[in-house]
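Here the structure is laid out as structure tokens; the discussion comes afterwards.
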Amino acid sequence: METQDRNELAKPHSPFSSSGKTENKMVERNITLVEEFILLGFSDMPNLQGFLFGFFLVIYVSILLGNGLIIALAKVAPALQTPMYFFLGNFSFLEICYTSVTLPRMLSDLWTQKRNITLLACATQLFFFLILAGSECLLLAVMAYDRYVAICRPLYYPLIMNHRICIGLVIGSWLAAIPAVIWQIYQIFSLPFCGSKILNHIFCDTLPLLMVACGNTSVIEFTVYGGVALYIMLPFILIIRFYVKIIATIVKLPSAIGRFKAFSTCTAHLTVVFLFYGSAIIGYSRPKSNATGIDKVLSLFYTIVTPMFNPIIYSLRNKDVIAAFRKLVSK
């Protein structure tokens, strides 16, 4: 009997035995039972919380008012009833939605000092953020295509950029990213989260989540970089290609006034493109192991700075917008 007892104790527990199953369930429960994350945000600057709240509140209000004004002008001003301003109005609406996904939550965290966010709220925020970010990339490419047709193929412009085509391009920009985002969200939140629940970021984003995930995340990282290539790099390359052809056409124009007018319609869009794409490409091309506080600064550029400067850039550089605003004010 004693020998038999020793043999039983010496036997390794099979993972398929009842005790093994219990242990595995306990380990699995400890790993996957994550109900919330903590967004660090700007908690490393405790003395500036009030100032940062006021600063970002002013920025958010200016984004709402500035982009709202662009939408109103593009809708009611007769001089702005063209495809270019139709796209600009939709882009401004997209900027409002895009900013509203992250900035109100950041303001709430700064005001209440409660930085916890539930798993569902985090997934929802990331879902809408990725869809709107992808839509913005595609819509910027559509706006570049509009300028290309207007300058390089002016005789065919009314035919190519008719109202039905414009609506189709806008709807396509809004919907194209949805399938890829749904798949990416499913992959990320199917992972078990373990260790630290702290996300060193200002909102729920892909790379900070992968940093606190357990197991092998290389496949998901590959899909993330694939999404970057498809929805950021490819539209950016198309924009550069359009503008190379635009510049080549502009320099051949015989009139200096014509060249200046053509350039003036492009510079505002190019400024927004480089502000948005520059920070987004740098931020999402960095490997997760190199993620530092600089990612917060980069994310501020493509989530806040670009939407804030969009109305200013288009208003100050565009005589049609200024004239339409003056008419609207004088009524």
Region 194-209 - residue that is open to solvent by 20 Å² or more (accessible area, probe 1.4 Å) and in contact with a Cys (Cβ under 8 Å, 6 or more places away or on another chain) and, of those, modelled with the highest pLDDT: C194
Residue selected from region 210-225 under the condition open to solvent by 40 Å² or more (accessible area, probe 1.4 Å) and of a type in the set (A, V, I, L, M), by the criterion nearest to the chain's Cα centre (by Cα): M211
First in region 211-224 and within 13 Å of Q184 (Cα to Cα) and in contact (Cβ under 8 Å) with a residue 40 or more places away in the chain, second anywhere and surrounded by 11 or more Cβ atoms within 10 Å (Cβ to Cβ) and of a type in the set (V, I, T), Cβ under 6 Å, 6 or more apart: V224/T206
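Listed here are the residues, each with its yes/no results for (1) among the aliphatic types (A, V, I, L, M); (2) out of contact with any Gly (no Cβ under 9 Å at 6 or more places or on another chain); (3) under 24 Å from K245 (Cα atoms); (4) at pLDDT below 90.
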position	(1), (2), (3), (4)
V142	yes, no, yes, no
R147	no, yes, yes, no
P192	no, no, no, yes
M211	yes, yes, no, yes
Test set (1) within 15 Å of the chain's Cα centre (by Cα); (2) under 27 Å from I246 (Cα atoms) - A123 fails condition number: (2)
Of all residues in region 226-237 being more than 23 Å from D146 (Cα to Cα) and touching a residue at least 12 places away in the same chain (Cβ under 8 Å), the one that is surrounded by the most Cβ atoms within 10 Å (Cβ to Cβ): G227
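Filter region 97-111 for residues that are surrounded by 21 or more Cβ atoms within 10 Å (Cβ to Cβ) and of a type outside the set (D, E, K, R); which is nearest to C204 (Cα to Cα)?
So the first thing to find is which residues in region 97-111 are surrounded by 21 or more Cβ atoms within 10 Å (Cβ to Cβ), and the list is 98-99, 101-103, 106, 109-110.
Then drop every residue that is not of a type outside the set (D, E, K, R), which leaves 98-99, 101-103, 106, 110.
Details: Y98: 14, T99: 14, V101: 10, T102: 9, L103: 12, M106: 11, L110: 16 Å.
Among those that are surrounded by 21 or more Cβ atoms within 10 Å (Cβ to Cβ) and of a type outside the set (D, E, K, R), it is T102.
So, restricting to helices (runs of 4 or more DSSP H) that lie completely within region 216-331, which ones have at least 1 residues that are in contact with a Pro (Cβ under 6 Å, 6 or more places away or on another chain), at pLDDT 85 or above and closer than 24 Å to F93 by Cα? Before the answer, list the steps.
Working: elements: 218-228, 234-250, 256-285, 294-300, 306-316, 319-330.
Where helices (runs of 4 or more DSSP H) fall fully within region 216-331, none carries at least 1 residues being in contact with a Pro (Cβ under 6 Å, 6 or more places away or on another chain), at pLDDT 85 or above and closer than 24 Å to F93 by Cα.
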Close pairs (7 angstrom Cβ cut-off, 6 or more residues apart or separate chains): open to solvent by less than 70 Å² (accessible area, probe 1.4 Å) in region 238-267, outside any helix (DSSP H, G or I) anywhere: A262/L253; S264/R317; T267/R317
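Which residues, counting only those in region 161-193, are among the hydrophobic types (A, V, I, L, M, F, W, C) and over 30 Å from A150 (Cα atoms)?
Those that are among the hydrophobic types (A, V, I, L, M, F, W, C) and over 30 Å from A150 (Cα atoms): A180, V181, I182, W183, I185, I188, F189, L191, F193.
What is the residue count in region 143-168 for residues that are hydrophobic (A, V, I, L, M, F, W, C), without any contact (Cβ under 8 Å) to a residue 40 or more places away in the chain, surrounded by 12 or more Cβ atoms within 10 Å (Cβ to Cβ) and more than 20 Å from A268 (Cα to Cα)? Step through it out loud before you land on a result.
Of region 143-168, the ones hydrophobic (A, V, I, L, M, F, W, C) are 143-144, 149-152, 155, 159-161, 165-167.
Going one step further and asking which of them are without any contact (Cβ under 8 Å) to a residue 40 or more places away in the chain, we end up with 149, 155, 159-160, 165, 167.
Still in the running and surrounded by 12 or more Cβ atoms within 10 Å (Cβ to Cβ): 149, 160, 165, 167.
Keeping just the survivors that are more than 20 Å from A268 (Cα to Cα) gives 160, 165, 167.
So the count comes out to 3.
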Qualifying residue in region 210-223 (condition: among the aromatic types (F, W, Y) and under 30 Å from D109 (Cα atoms)): no
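Go through region 123-134 and count every residue that is under 12 Å from A180 (Cβ atoms) and either crowded, with 22+ Cβ neighbours inside 10 Å or small (G, A, S) (or both). Explain how you work it out, then say what you get.
Going residue by residue through region 123-134, those that are under 12 Å from A180 (Cβ atoms) are 127, 130-131, 133-134.
Then drop every residue that is not either crowded, with 22+ Cβ neighbours inside 10 Å or small (G, A, S) (or both), which leaves 130-131, 133-134.
Adding up the residues that qualify gives 4.
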The lone exception for F86 - which of (1) in a helix (DSSP H, G or I); (2) open to solvent by less than 60 Å² (accessible area, probe 1.4 Å) it fails: (2)
Residue list for region 51-73, filter: open to solvent by 60 Å² or more (accessible area, probe 1.4 Å) and over 24 Å from the mean Cα position of the chain (by Cα): F51
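The values are calculated or read from the model by the stated rules, or taken from the named source; none is laboratory data. Just so it is clear, the structure is predicted and the values come from calculations on it, not from any experiment. All Cβ positions, glycine included, derive from the backbone under ideal geometry; neighbour counts span all protein chains shown. All accessible areas refer to the heavy atoms of the entire protein, side chains included, with ligands and DNA or RNA removed. Shrake-Rupley method; radii C 1.70, N 1.55, O 1.52, S 1.80 Å.
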